[in-house]
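Read the figures in this text as sums done on the coordinates, not as results from a lab. Everything numeric here is computed off the predicted structure, so don't read it as measured data. Quick reminder, even Gly has a Cβ in these numbers, built from the backbone with ideal geometry, and neighbours come from all protein chains shown.
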Amino acid sequence: MSTNLERRLAKEYKELEDGADYKVRLRTPGDPSNLEAALQLPSGMPYSGGAYTIDVQIPSSYPFERPVMKFNSKIWHPNIHLETGEVGTDALGPWDPTHTIKSELESLVDLLKQPNLQYPHNQEALKMFNEDSAGFKCKAQEWAVRFAGAPAADGQSSIVTDTIDPRYEGYHRDMVQRFVDLGFTTEAVVEAFKYVGIDRNNGQDYVIEEAYQGDIAARLYHA
């Protein structure tokens, strides 16, 4: 790392550390190129109240190349990768060398308020956001409660309970519901999952591979 870059990062880290907007720490002592930042989210968002931390990786070409940011907990958002938590950088807008780590974190908070639909990183969340905004908000809040420790809103407890309904036998409700929406019963879908050998993934939602989706459909249609 060049001396100029070290000086710039040290200055930016100090400003973040002294400010009230973000709580930051070095992931590796003495190395300001790898930070962890805790977001302070405003009220009125599906994610409000969640304890979200972000890994911020600074490339050696910084500030001519933007930082890479990744959520450490699962979050339901069109611009954030479902499995890795990585933020789609295109969705944050153009990068400029005058930008800073703080300005990038500010852009991320803005992105949580209003997704950038031109650069999706989670196609399923994008589809839900476009076609079922109430369902999207409900799921985003549910994940904030389950994975980021957000307080449950009024009526939220019943939503979370639904995801662990014994009929699902350990599978996440939304995984089962995708096939129920095609006209099959919950019991039939769960039986097909078990027959095909679908991983329960500790009760967490995920996108089933297309090949397995075909096997599930075949089982359902020929059961």
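How big is D, in µm² s⁻¹, for the chain by Stokes-Einstein at 20 °C and 1.002 mPa s if Rh is the Kirkwood radius over C-alpha pairs? D = 111 µm²/s. Applying 1/(1 + (r/R0)^6) with R0 = 25 Å to the Cβ-Cβ distance of Ser133 and Gln57 gives a FRET efficiency near 0.15.
Stokes-Einstein diffusion of region 1-128 at 25 °C, 0.890 mPa s viscosity, Kirkwood radius from Cα pairs, rounded to a whole number: 163 µm²/s. Each of Ser73, Leu108, Ser60 was placed along the dipole of region 1-151 (beta-carbon charges, centred on the mean Cα), and the one lying farthest toward the positive end is Ser73. The string of couplings for region 174-190 from the Karplus curve (6.51, -1.76, 1.60, θ = phi - 60°) is 5, 4, 5, 4, 4, 8, 4, 4, 8, x, 9, 7, 4, 4, 5, 5, 4 Hz, one whole number per residue in order, with x for Gly and Pro.
Using Cβ counts within 10 Å as a stand-in for footprinting exposure, how do Arg200, Arg7, Arg219 rank, fewest first? All intermediate terms of the calculation are to be shown ahead of the outcome.
Details: Arg200 14, Arg7 11, Arg219 17.
If I rank by nearby Cβ atoms, fewest first, I get Arg7, Arg200, Arg219.
Straight-line cross-link partners of Lys70 among the lysines, defined as a Cα under 29 Å from its Cα and at least 8 positions apart when in the same chain: Lys11, Lys14, Lys23, Lys102, Lys113, Lys127, Lys137, Lys139. Rounded to the nearest 20 debye, the dipole size of the chain about its Cα centre is 360 debye, using +1 on the Cβ of Lys and Arg and -1 on the Cβ of Asp and Glu.
Close amide H pairs (under 5 Å, H built 1.01 Å from N) link Arg27 with Asn34, Leu35, Glu36, residues at least 5 positions away or on another chain.
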